[in-house]
1. Give me the percent of DSSP beta bridges within segment 15-127 that run antiparallel, rounded to the nearest 5.
2. Could you point to the label whose value was computed as semi-axes √(5λ) of the Cα gyration tensor in Å for the structure here, given [x] 23, 23, 17; [y] 34, 18, 15; [z] 36, 21, 18?
3. Roughly how tilted is helix 125-136, in degrees to the nearest 10 and between 0 and 90, from the longest Cα axis of the chain?
4. Rounded to the nearest 5, what % of the DSSP beta bridges within the chain are antiparallel ones?
5. Using the alpha-carbon centroid of each, what span in Å lies between segment 154-180 and segment 74-136?
6. How far is helix 106-118 tilted, in degrees, relative to the longest principal axis of the Cα atoms in the chain, given as a value from 0 to 90 rounded to the nearest 10?
7. Quick check on segment 67-110: take the gyration tensor over C-alpha atoms, sort the square-rooted eigenvalues as a ≥ b ≥ c, and tell me if it's rounded (a/c under 1.5), prolate or oblate.
8. Assigning unit charges at the beta carbon (Lys, Arg +1; Asp, Glu -1) and nothing else, what dipole magnitude in debye, to the nearest 20, does segment 23-212 show about its Cα centre?
Amino acid sequence: MFSVCIAPVLLAIVGICAAADTPVQLDVYYESLCPDCMQFIKTQLVPNYKKLASIMNVNMVPYGWAKSTKVAKPDGTFDLTFTCQHGPQECIGNEIHNCVLESETIARSLELFGCMYASKDYTKPATAAKECTAKLGFNYTAIDECASGPLGRGLHLRSGERFQALTNPKPNFVVWVVVNGVHTQAIATRAESDLVGLICDTYKGTKPDVCKKVE
């Protein structure tokens, strides 16, 4: 009788552990040349991602306050044009970011973005991307073809749809940080100054060493 009863108990324990060990979901809605967005990515996300990768999943959505316009073509199809808060270079940057995120892991994407933001040409994303892809072993031609073509515009539009779908609450600034589906001012403020502490405090499983250093 004992052996019959132990299985459900073990399954319940395993289920509890699995739930506790679920990585924290971090969603980052941003613009490629927004000063606050760049600051968050450069000082919080890029340097701390590898430390937190075992307990955190990251989803990045480059769009922000961009606007899209459908342009009808003679064959009945349409193309897209965009205007961005920080000008045409930001639209180029958003599309480069979207293309990289679509084809690379988040770890590799952040490696490239960190290099681009450290470049003296960071305000010219295509120039920075060409420089950094050469340093880091990315295929710049593929990224450029995506970013300057219909795929890049389509990915940019998709990011816009995801950003505009946020309603609880509706964003009123970027960078807009969502943790496990929740955004509050307290989460935003802490993420921009202490991402490690925020993720470690949110994670319910066994803490990695990086979390023990901030306790």
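Every read-out reported here was derived from the displayed coordinates using simple, explicitly stated rules and does not represent laboratory data. Computed from a predicted structure; not experimentally measured. We place every Cβ from the backbone using ideal geometry, glycine too, and count neighbours over all the protein chains shown.
1. 45
2. Recomputing semi-axes √(5λ) of the Cα gyration tensor in Å here picks out [z].
3. For 125-136 against the chain, the angle is about 50 degrees.
4. Details: 11 of 18 bridges.
Around 60 percent of the beta bridges assigned by DSSP in the chain are antiparallel ones.
5. 18
6. So the helix axis and the longest Cα principal axis differ by about 50 degrees.
7. On the way: a/c = 4.52, a/b = 1.71, b/c = 2.64.
Oblate, since a/c reaches 1.5 and b/c is not below a/b.
8. The dipole magnitude comes to about 320 debye.
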